[in-house]
Amino acid sequence: MADHLNPPHGGELVDLLVDDARAAELKAASREWPSWDLTPRQLCDLELLISGAFSPLRGFMVSADHQRVCTDMRLADGTLWPMPITLDVTEEFAEGIEVGSTVALRDEEGVMLAALHVEDVYRPDREAEARSVFGTTDATHPGVDYVLNRANPVYLGGRVEGIQAPAHYDYRELRATPAEVRAEFAKLGWTKVVAFQTRNPMHRAHAELTLRAAKQLEANLLIHPVVGMTKPGDVDHYTRVRCYQALLGHYPAHTAKLSLLPLAMRMGGPREAVWHAIIRKNHGITHFIVGRDHAGPGKDSAGNPFYGPYDAQQLLAKHEAELGVTMVPFQMMVYKPDEDEYAPVDEIPEGTKTLSISGTELRERLAKGREIPSWFTYPEVAAELRRSYPPRHQQGFTVFFTGLSGSGKSTIANVLLVKLLEMGGRPVTLLDGDIVRKNLSSELGFSKEHRDLNILRIGYVASEITKNGGIAICAPIAPYDSVRRENRSVISGTGGGYVLVHVATPLEVCEQRDRKGLYAKAREGIIKEFTGISDPYEVPEDADLTIDTTTVTPEEAAQQVLLHLEHEGFIGAD
Ligand code: PPS
């Protein structure tokens, strides 16, 4: 191996996968061992441990390493390492575990991926960890949120023996271990390689930046996007990879290569930049691009950025020599329309006309189906984004009616259903209270617990319909606020729309109508737990629309809903 391709710290590239005979031995012995089902983040960490992307680590950190990583950015032996790689487990699980125990590490399906030889069981000060690693305990920071609110309280440290890497069935041809990436470089004769880390779709600014770096250095380029876990709300990796593939054709032949990295990011800014450089060095690169706000977690709860835009560059600059990686710092790239070219913002004379489109503006343009200019992103990339983020009038949505029995929910819902069917274009499903209770929830009664379960089931079905571009109309009583809010969050989280309509017809009117004779029975006590009579109805404070049907016809009410949907952009011209 050429010298410059050596892993950092002079050590060998770690490979924790054992041979078949040892794997069989471990699997047989594991019948006696406790099993831990890895969380999605732990799965990512284990994959990079096993593959050697985290060289020189050979397992999850023991307390001495964890502590020194937090305070000094170094392992106990002094090796530079900025990020805790720990296995957090529950108190219940930790009860039977002691130093010398072995734990079988399994994926969600129970497949054994590795054996952990426990060398330490410890309860870290997680607040101190957050403060030293991320410089804050503000849980708006996703890395802090994980440490303080999601991680389990007990950490297990020790050596890992890998049996198999976690299975991936997506984009297999683009996934490669550090050893495979190095072998590929050797085969291609790439001795000088600059890596680009990203968790976002790449637009022309990124293409220009990476190309500039490659040209200046006379180096080849490794586009190395993270496809493990990124910042909540990011573009999903399926869409991103299609965008990267589309972009790849715009680089000169034989210059650039795309490879996917199953890393779980911490959004740790400066420390994360150092970590990223180590991981890339393990993949055989020589140079690493660090741009503005590298691995930035966004703003804190007071609206201020957690880190300065160039803090990451400053920290890596201090350590690049020790790591044997050359940092390629870049300022933000901006577009100069008069010259039709991009340039780093620090190279542009004052007064020059520049253009840029922020992430928020891009999302808005996509939602409204507006033009995405080709100076901003290549048309093939824009087309991929449009496929995943269609304009609002092509997205799915849920209209959720809530209100007392007899308030008119079902009638309005039925009128809305036929109006939307008349319009066509998207499939429409009506989940009426009575229908759901006959099918989805036939075994449920009317206790709070059963009502909540019923509403959650409706919410789940509606979220699936919405996610897949359809229209769900729901019309249960849904008397409890917290479960309605939970549904709103699940359904909105699909990327589609959610509209809550409170059918606020007063109880007296509903009771007077008493179409099904249920109110009379409820008054007589024949029907128990009847909403409005002997059971509560919590009036929603977050309704998007409130309709009282006392003086409004079903057509008029449905029209109000349609106008609201039009106003929000969910229905309209194609
Ligand atoms: S809930 O609370 O949202 O789960 O209720 P839902 O699934 O919409 O079911 C309400 C329909 O069931 C009939 N029904 C009752 N409603 C309220 N309370 C009690 N105890 C009750 N028992 C039976 C009633 O017909 C409701 O239908 P709608 O269409 O709302 O009149």
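Bear in mind that the values in this text are calculations on the coordinates, not laboratory data. Remember, predicted model here, so these are calculated numbers, not experimental data. Neighbour counts are summed over all protein chains in view; Cβ atoms, including those assigned to glycine, are modelled from backbone coordinates with ideal geometry.
Residue farthest toward the positive end of the dipole of the stretch 106-257, with Cβ of Lys/Arg at +1 and Asp/Glu at -1: which of ALA214, PRO124, ALA179?
Checked the options; the winner is ALA214.
Which one of THR398, THR429, MET327 is farthest out on the positive end of the charge dipole of the stretch 320-434, using unit charges on Cβ (Lys, Arg +1; Asp, Glu -1) and the Cα centre as origin?
The one lying farthest along the dipole's positive direction is THR429.
Given the rule -39500 (n - 2.57) for each run of at least 4 DSSP H residues, summed and divided by the residues of the chain, what is its mean residue ellipticity at 222 nm, to the nearest 500 deg cm²/dmol? Walk me through the intermediate numbers first.
Details: 20 runs with 213 residues, N = 574.
Rounded to the nearest 500, the figure is -11000 deg cm²/dmol.
Taking the Cα centre of the stretch 3-162 as the origin, how large is its charge dipole in debye, to the nearest 20, when only Lys and Arg (+1) and Asp and Glu (-1) carry charge on their Cβ atoms?
Result for the stretch 3-162 is approximately 220 debye, rounded to the nearest 20.
For the stretch 172-388, what does the alpha-carbon gyration tensor say about shape, rounded, prolate or oblate, given a ≥ b ≥ c as the root eigenvalues, a/c under 1.5 as rounded, and a/b over b/c as prolate? Walk me through the intermediate numbers first.
Numbers: a/c = 1.33, a/b = 1.22, b/c = 1.09.
In terms of gyration-tensor shape, rounded.
For the stretch 465-545, compute the orientation-averaged projected area of the C-alpha convex hull (one quarter of its surface), in nm².
Directional mean of the projected Cα hull area for the stretch 465-545 stands at 6.1 nm².
Give the distance, in whole Å, between the Cα centre of the stretch 394-426 and the Cα centre of the stretch 116-148.
47 Å
Hey, if you put +1 on the Cβ of every Lys and Arg and -1 on every Asp and Glu Cβ in the chain, which of VAL103, ALA462, SER388 ends up farthest toward the positive end of that dipole?
SER388
Net charge within 15 Å of ILE412 by Cβ-Cβ distance, Lys/Arg positive one each and Asp/Glu negative one each, not counting ILE412 itself?
Once all neighbours under 15 Å are counted, the net charge is -2.
Rounding to the nearest 20 debye, state how big the charge dipole of the chain is about its Cα centre with +1 on each Lys and Arg Cβ and -1 on each Asp and Glu Cβ.
Computed about the Cα centre, the dipole is about 960 debye.
Quick one: net charge around THR210, please, counting Lys, Arg +1 and Asp, Glu -1 for every other residue with C-beta under 12 Å from its C-beta.
With Lys, Arg at +1 and Asp, Glu at -1, the net is +3.
Excluding PRO124 itself, calculate the net charge of residues whose Cβ lies under 13 Å from the Cβ of PRO124, where each Lys or Arg counts +1 and each Asp or Glu counts -1.
-2
Considering only Cα-Cα distances, which of the following residue pairs are longer than 27 Å: LYS409/LYS467; LYS187/LYS231; LYS187/LYS336; LYS419/LYS521; LYS409/LYS521; LYS368/LYS467? Please list the in-between numbers first.
Working: LYS409/LYS467 24 Å; LYS187/LYS231 35 Å; LYS187/LYS336 39 Å; LYS419/LYS521 35 Å; LYS409/LYS521 21 Å; LYS368/LYS467 18 Å.
From LYS409/LYS467; LYS187/LYS231; LYS187/LYS336; LYS419/LYS521; LYS409/LYS521; LYS368/LYS467, over 27 Å: LYS187/LYS231; LYS187/LYS336; LYS419/LYS521.
Give me the dipole magnitude in Debye, nearest 20, for the stretch 172-388 about the Cα centre, with unit charges on the beta carbon: positive for Lys and Arg, negative for Asp and Glu.
720 debye
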